[in-house]
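All remarks here apply to the structure that follows.
The values are calculated or read from the model by the stated rules, or taken from the named source; none is laboratory data. Since the model is a prediction, treat every value here as computed from it, not as a measurement. Counting neighbours? That spans all protein chains shown, and the Cβs are built from the backbone with ideal geometry, glycine included.
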Amino acid sequence: MLEKIDHIVLLLDFYGPLLTEKQQRVMSLYYENDLSLTEIAEQLDITRQAIYDILKRSVSQLEDYEKRLNLVEKFARTQQELQAVYDLLNRAEEPGSKELAEAVNTIRQVLDLV
């Protein structure tokens, strides 16, 4: 469940500005401030069902944006590739490393993908 929430917060970071101000506010209160549907409804003076509908519609929109643009997926892949480069550099710096030339070539290949 926490993984799904983290994914939605990441989608919100990337695509949140594409939502309406009301959707952004409800999403922020629910996912970032951890308020309940009832607490949000009271704060915004609308029904709990309306909050639920806004959340459901907003998540659906965010997922649709990701399907079309793949920005979160590309970001995650880039992060993994950069971590691989960092790991290779650390290995290459080890005293007596015979893997330096191989590590540098691998780093070049990874950077060509980014």
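Before moving on, here are some points about what is shown:
- Residue in region 76-85 that is basic (Lys, Arg), at pLDDT 95 or above and part of a helix (DSSP H, G or I) present: no
- Yes/no for Ile8 being over 30 Å from Ile107 (Cα atoms), over 15 Å from the mean Cα position of the chain (by Cα) and modelled with pLDDT of 95 or more: no
- For region 47-79, filtered to residues that are among the aliphatic types (A, V, I, L, M) and loosely packed, with under 15 Cβ neighbours inside 10 Å, the residue that is nearest to Asp6 (Cα to Cα) is Ala76.
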